[in-house]
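Peer 1: Quick one: structure below, then a few questions.
The values are calculated or read from the model by the stated rules, or taken from the named source; none is laboratory data. Computed from a predicted structure; not experimentally measured. As a convention, Cβ positions derive from the backbone with ideal geometry for all residues, glycine included, and neighbour counts pool all protein chains shown. SASA here: full protein model, heavy atoms, side chains in, ligands and nucleic acids out. Shrake-Rupley method; radii C 1.70, N 1.55, O 1.52, S 1.80 Å.
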Amino acid sequence: MNSEFVIEKPAFDPATGIARFIYGLDGKTFVETLGFPVGWHESVPGTDAFEKLHGLTAIVLGVSYYKLRAPFVIAAPEIALRETEKAFALDVYENGLGEFYARNDLQRFGKLSIETRTDERPPLAAPVLQNRALLPIGGGKDSLVSVKLLEAAGVEFTPFAVNPKGPILSSIGEIGKPPLYVTRTLDAEMIRLGSQPGYYNGHVPSTAINSMIAALCALLYSYDRIVLSNERSASQGNAFHDGREVNHQYSKSLEFEALIADILADATGGALGYFSLLRPYSEAKIARIFARETRFDRVFSSCNRNFKYDGHNGPLWCGECPKCHFVFLILAPEMAKERLLGIFGQNLLAKPQNEASFRELTGLSGQKPWECVGEILEAAACLYALTSRPEWAEEPIVSKLKGDLEDQYGIGKLEAALEELMTDSGDHHVPPDIAERVQDHAY
C-alpha cells in the first residue's frame, strides 16, 4: 500500500465558532467540523496554546478517516510537532486503533510513520484559566458518580458533551447545571465509504477524540482542568494481536491518561490539567456509590447497542449486549432486586440465552468482550456474591455458573476479590487536594 493519509492545518472561524478539519486519502478530500457555542473568549483563537491544541486535535480526529484504508504513512506537513507530540500521535494511531487492527487482521504496530514539521520553539506561555472543571458526561453510571463526588466535595464543574443525545441529555437535565455542548459533524462520504467493499471500518478511540475537543473548550471558555470518569478496569486489555495487548478502552487507560495529560500540560505551559476522578475505584465500588441514591435511575444508560453516534434508538437498555449484562451484574449486589429490575425492565440473570455472555464476562469462556466492561475477576466475584443472596441464588444464570466459578477460581480467591474490589488503588493521577475532598464521599 503506497497511499498516505494527509492531515491539513485546521481552521477556526471566530465569526461562526466553526472549526474545520480537512483530510486527504486516495485522492479524496474529507471535511469534518466542530461547532462551538457562543461565549468563548475572543482573545483565545490565534494564541500559541490554542493553535497547538488545534493542530493536535486535527491529528486525533483524523483516525476516523485514516481507518478507511489504514496506510502506513501519516502526513501533516503544515502542523509542527515536538518529538513527544509525534510519539503521542503515533500512540493514538497505533494503540488507540488496536481493536480496529485486530478485528480487521491488520499489522500496523511499530510500522507507522508520521511526517510533520518539527516544533523547536521554547515552552509555550501559560494562559490564565479559571479554577473549574469540564466534566464529560456519557450518560452512564460512571460520569454520574463523578457528578455526585464533585458536588459533595464542593468542586465547581460544568457538564460537557459532544453531540449529546438520549441518556446524555436526560442525565444532564437531572444534574441541573448549565452544560457546554459541542456539535461534531463527520464527513458523510467517510461514513458511506466505511460500509463499502475495499474500505475498512471499526472502533476508534472516542475518549481521545472527545478529550481533545474538551481541551479546545477549556481554552475557549476558561477551565483549568478536564475531569474524566475512567475506572481502574479500563487499563485491562481484551486480547493479543500483532505482538501487543489490545484494549478496547485504551484511550480510557491509565497509560493513555498519563500520556495525554503531559501533552495537554506542555501545550498550555502547565495551565491545563487532565485526570480521571474514578481511577482509584473498581467498577464494583462505583456501582456501590451509584446505588446510594435513586436520582439517576430513570435517565442513565450504558447500553451501546441502543446508543450510537447518530442517535438513541429504543429503550435505555437493550438487555442483550455485554455492556447491559455487566452493568446489571455489578449493580445486583448493591441494589434491591425490585429497583434493579425497574431500571432494566427485565431480569437479565433469569434468561438462559444470556449464559454465554456471562461466561465471557466472568472468564469461564472466550475472551473479555470488545466493550467497556470491567475486569474478568471482578465480574466473576460479583456473580459469585449473588450465589449467597436468597433473592438471586436460584436465578438460572447464577445457579448454573456457581459450580464453574468455584472450580475455576476457588472460593478463597473469589471471596478475596470481593474484598479487594472495595479497596481503593493508589495508582492514579487525581490531584491530592481533590482526592482529599472526595475521599469521605467515596464509600
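Peer 1: Modelled with pLDDT of 95 or more and closer than 30 Å to V155 by Cβ: is that true of D105 in this structure? Don't jump to the end; show me each part of the working.
Peer 2: Numbers: modelled with pLDDT of 95 or more: yes; closer than 30 Å to V155 by Cβ: no.
No; evaluated as a whole, the condition is false for this residue.
Peer 1: Mind counting the residues in the stretch 207-242 that are under 23 Å from V373 (Cα atoms), small (G, A, S) and over 15 Å from the mean Cα position of the chain (by Cα)?
Peer 2: Here the count works out to 1.
Peer 1: Follow-up question, since we're still on this one. Among all residue pairs at least 6 apart or on different chains, which show Cβ distances below 7 Å where the first residue, located in the stretch 340-362, is more than 19 Å from K402 (Cβ to Cβ) and the second is open to solvent by 30 Å² or more (accessible area, probe 1.4 Å) and of a type outside the set (A, V, I, L, M, F, W, C)?
Peer 2: Cβ pairs passing all conditions: G345/P315.
Peer 1: Here's another thing I want to ask about it. Take the conditions within 20 Å of K252 (Cβ to Cβ), open to solvent by 10 Å² or more (accessible area, probe 1.4 Å) and not aromatic (F, W, Y) and apply them to K67. Does it pass?
Peer 2: Numbers: within 20 Å of K252 (Cβ to Cβ): yes; open to solvent by 10 Å² or more (accessible area, probe 1.4 Å): yes; not aromatic (F, W, Y): yes.
Yes: the conditions hold for K67.
Peer 1: Looking at the structure I just gave you, is L180 open to solvent by less than 20 Å² (accessible area, probe 1.4 Å), in contact with a Ser or Thr (Cβ under 9 Å, 6 or more places away or on another chain), closer than 30 Å to R82 by Cβ and of a type outside the set (S, T, N, Q)? Steps first, please.
Peer 2: On the way: open to solvent by less than 20 Å² (accessible area, probe 1.4 Å): yes; in contact with a Ser or Thr (Cβ under 9 Å, 6 or more places away or on another chain): yes; closer than 30 Å to R82 by Cβ: yes; of a type outside the set (S, T, N, Q): yes.
The answer is yes for L180.
Peer 1: Out of the residues in the stretch 1-40 that are open to solvent by 30 Å² or more (accessible area, probe 1.4 Å) and touching a helix residue (DSSP H, G or I) at 6+ places or on another chain (Cβ under 8 Å), state the one that is farthest from C217 (Cα to Cα).
Peer 2: First, the residues of the stretch 1-40 that are open to solvent by 30 Å² or more (accessible area, probe 1.4 Å): 1-2, 4, 6, 8-9, 11-16, 18, 20, 22, 26-29, 31, 33, 37-40.
With the extra rule that they be touching a helix residue (DSSP H, G or I) at 6+ places or on another chain (Cβ under 8 Å), the set shrinks to 8-9, 12, 28, 39-40.
Working: E8: 21, K9: 19, F12: 13, K28: 30, G39: 11, W40: 8 Å.
For the stretch 1-40, the residue satisfying everything is K28.
Peer 1: Then there is this: Looking at the structure I just gave you, is R305 of a type in the set (K, R), modelled with pLDDT of 95 or more and surrounded by fewer than 21 Cβ atoms within 10 Å (Cβ to Cβ)? Before the answer, list the steps.
Peer 2: Numbers: of a type in the set (K, R): yes; modelled with pLDDT of 95 or more: no; surrounded by fewer than 21 Cβ atoms within 10 Å (Cβ to Cβ): yes.
No, not satisfied.
Peer 1: Got a number for residues in the stretch 37-78 being touching a Ser or Thr at 6+ places or on another chain (Cβ under 8 Å) and among the aromatic types (F, W, Y)?
Peer 2: Summing the residues that are touching a Ser or Thr at 6+ places or on another chain (Cβ under 8 Å) and among the aromatic types (F, W, Y) in the stretch 37-78 gives 1.
Peer 1: Here's a follow-up. Could you please find all residues in the stretch 192-205 being closer than 24 Å to K252 by Cβ and open to solvent by 60 Å² or more (accessible area, probe 1.4 Å)?
Peer 2: Start the filter on the stretch 192-205 by keeping residues that are closer than 24 Å to K252 by Cβ, which leaves 194, 200-205.
Y200, N201, listed by residue number.
Peer 1: Next question. Only one residue in L144, L180 is touching a Leu at 6+ places or on another chain (Cβ under 9 Å) and among the aliphatic types (A, V, I, L, M), so which one is that?
Peer 2: L180 is the lone residue from the list that is touching a Leu at 6+ places or on another chain (Cβ under 9 Å) and among the aliphatic types (A, V, I, L, M).
Peer 1: Can you tell me which condition L254 does not meet? The list is (1) in contact with a strand residue (DSSP E or B) (Cβ under 9 Å, 6 or more places away or on another chain); (2) surrounded by fewer than 23 Cβ atoms within 10 Å (Cβ to Cβ); (3) farther than 26 Å from H429 by Cβ, and all the others hold.
Peer 2: So L254 meets the others, but not (3).
Residues are listed down the side, and each one gets a yes or a no for (1) touching a Ser or Thr at 6+ places or on another chain (Cβ under 8 Å); (2) of a type outside the set (V, I, T); (3) surrounded by fewer than 18 Cβ atoms within 10 Å (Cβ to Cβ); (4) part of a strand (DSSP E or B):
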position	(1), (2), (3), (4)
S143	yes, yes, no, no
L149	no, yes, no, no
V155	no, no, no, no
G173	no, yes, yes, no
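Peer 1: Okay, moving on. Restricting the search to the stretch 215-251, which residues are of a type in the set (D, E, K, R) and either out of contact with any helix residue (DSSP H, G or I) (no Cβ under 7 Å at 6 or more places or on another chain) or surrounded by fewer than 24 Cβ atoms within 10 Å (Cβ to Cβ) (or both)?
Peer 2: First pass over the stretch 215-251, keeping only residues of a type in the set (D, E, K, R): 224-225, 231-232, 242, 244-245.
Across the stretch 215-251, the qualifying residues are D224, R225, R232, D242, R244, E245.
Peer 1: Please state which one of A58, A87 is within 21 Å of the chain's Cα centre (by Cα) and open to solvent by 30 Å² or more (accessible area, probe 1.4 Å).
Peer 2: On the way: A58 fails: open to solvent by 30 Å² or more (accessible area, probe 1.4 Å).
Just one listed residue meets the conditions, A87.
Peer 1: Working carefully through the options G202, G194, G173, find the one that is more than 15 Å from Y65 (Cβ to Cβ) and of a type outside the set (S, T, Y).
Peer 2: Working: G202 fails: more than 15 Å from Y65 (Cβ to Cβ); G194 fails: more than 15 Å from Y65 (Cβ to Cβ).
Checking each option against the conditions leaves just G173.
Peer 1: Let me ask something else about it. Taking the stretch 57-86, which residues are in a helix (DSSP H, G or I) and touching a residue at least 40 places away in the same chain (Cβ under 8 Å)? Please lay out each step first, then the result.
Peer 2: Residues of the stretch 57-86 in a helix (DSSP H, G or I): 57-61, 63-66, 83-86.
Selection gives T57, A58, I59, V60, L61, V63, S64, Y65, Y66, T84, E85.
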